[in-house]
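Structure, as structure tokens:
Coordinate-derived values only; no laboratory data. As the structure is a prediction and not an experimental result, all values here were calculated from the model. Note that we place each Cβ from the backbone using ideal geometry, even for glycine, and neighbour counts take in every protein chain shown.
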Amino acid sequence: MTQGSSHANREPRLHRVVVIVDENSNPFELGCATEVFGLHRPEMSRQLYDFRLCAPEPRTLMRDGFFTLTGVAGLEAADTADTLIVPNRPDVAVPRRPAVLDAVRRAHARGARLVGLCSGAFTLAEAGILHGRRAATHWQWADEFRSSFPTVHLEEDVLFVADGDVLTSSGSAAALDLGLYIVRTDHGAEVANTVSRRLVFAAHRDGGQRQFIERPVPDPSTASLSPVLEWARERLDTPLTVLDLAARAAVSPATLHRHFRAHLGTTPLAWLTRERVVLACRLIERGESRFDVVARRSGLGTAAHLRTLMRRATGLSPSEYRRRFGRAEMA
């Protein structure tokens, strides 16, 4: 075999995801990154990413001294990353070490995708990457972040923000939401759905969804909303109204509105619209290319209305969504 044919038959290089782990990093977000990007998945016929950990020191004491991480690559591995996940830390007032910030800046300069999970947004901002950009971080540190980095457009109370090649998530479990969004962007909706099933986690929550919902202790006499929600989901293609939901729940529209606010953090109409947009996205992912059909089957009415609501919810038009997340044959 000639050298040329050897190169021609060589497998393409996998997209490399590198996580920088630094002193006092949170184990949870590290675990999320490992679960989404690092695990071998026998249910798939291919590996999705080349995943590596690196650290500026041979021994890294993790948050609150829970354990010490050893045996990972040195910080030079960050210079090989296509996607670089930067370190977070519970004490956001402690600056990152200069070597870590320099590695982040080098990655950004050569065009790598940068990801900050939870308080990792502080690392990106400290490196100067977020100047003039949109970002998310844990609600607990929103005030401190805003005062420390006034040139960053902090989007409060959202799960994650994707601003071009710089992505940030809010607290803890939102790391999984952002990770699945990245898989979805890189490999399509079907692959992301497979990963989410393995994680037993929601396949797709909008980045703009609220970080948390205040949930008062429910009154035992309050009937669950689940039956009416399931009933509505089975009828999204019909002209359902808030009055229909209230009648099904056997309560007044005002009472239904209070229940939705208390238990779901939204209004009945906003919930109904969101469910219809989610259904429209699924139809497109599964290969339906006729947007008038998608609009009708999801209860959104017209293709024009579909376009308006999808762009508002996902930031993409139906055509753009199909190119990014539809089946390969629809690309």
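Along each of the three principal axes of the Cα atoms of the stretch 240-281, give the extent in whole Å, ordering the values from largest to smallest.
Taking max minus min along each principal axis of the Cα atoms, the stretch 240-281 gives 31, 20, 10 Å.
Magnitude of the Cβ-charge dipole of the stretch 226-330, K/R +1 and D/E -1, about the Cα centre, nearest 20 debye?
Here the stretch 226-330 has a charge dipole of around 260 debye.
Under the √(5λ) rule applied to the eigenvalues of the Cα gyration tensor, what semi-axes describe the equivalent ellipsoid of the stretch 226-330? Give them in Å, descending.
Numbers: eigenvalues 159, 33, 25 Å².
They are 28, 13, 11 Å, listed largest first.
If Lys and Arg each add +1 and Asp and Glu each add -1, what is the summed charge of the other residues whose beta carbon sits under 13 Å from the beta carbon of His108?
Taking every other residue near His108 into account, the sum is -1.
Give me P(r) over the stretch 72-201, computed from all C-alpha to C-alpha distances, binned every 10 Å, as integer percentages.
Each 10 Å bin holds this share of Cα pairs: 13, 44, 33, 10, 0.
Where the centre of each part is set by its Cα atoms, how far does the stretch 89-160 sit from the stretch 39-74, in angstrom?
If we compute the Cα centre of each part, the gap is 21 Å.
What is the angle, in °, between the Cα long axis of helix 268-285 and the longest principal axis of the Cα atoms in the chain? Nearest 10 is fine, range 0 to 90.
So the helix axis and the longest Cα principal axis differ by about 60 degrees.
In Å and whole numbers, how far do the C-alpha atoms of the stretch 70-146 stretch along each principal axis, longest first?
Principal axes ranked by extent give 34, 30, 18 Å for the Cα atoms.
In the stretch 126-196, what is the volume of the convex hull around the alpha carbon atoms, normalised per residue and reported in Å³?
84
With everything on Cα atoms, drop me the angle between helix 98-109 and the longest principal axis of the chain, reported from 0 to 90° to the nearest 10.
The two axes meet at around 70 degrees.
What angle do you read, to the nearest 10 degrees and between 0 and 90, between the alpha-carbon axis of helix 189-199 and the longest principal axis of the chain?
The angle comes out at about 80 degrees.
Principal axis lengths of the chain from Cα atoms, whole Å, largest first?
Taking max minus min along each principal axis of the Cα atoms, the chain gives 64, 56, 37 Å.
Rounded to the nearest 500 deg cm²/dmol, what is the calculated helix-only ellipticity per residue at 222 nm for the chain, with -39500 (n - 2.57) per DSSP H run of length n ≥ 4?
Working: 14 runs with 138 residues, N = 331.
Theoretical 222 nm ellipticity from helices: -12000 deg cm²/dmol.
Quick check: Cα centre of the stretch 259-331 to Cα centre of the stretch 239-258, how many Å?
23
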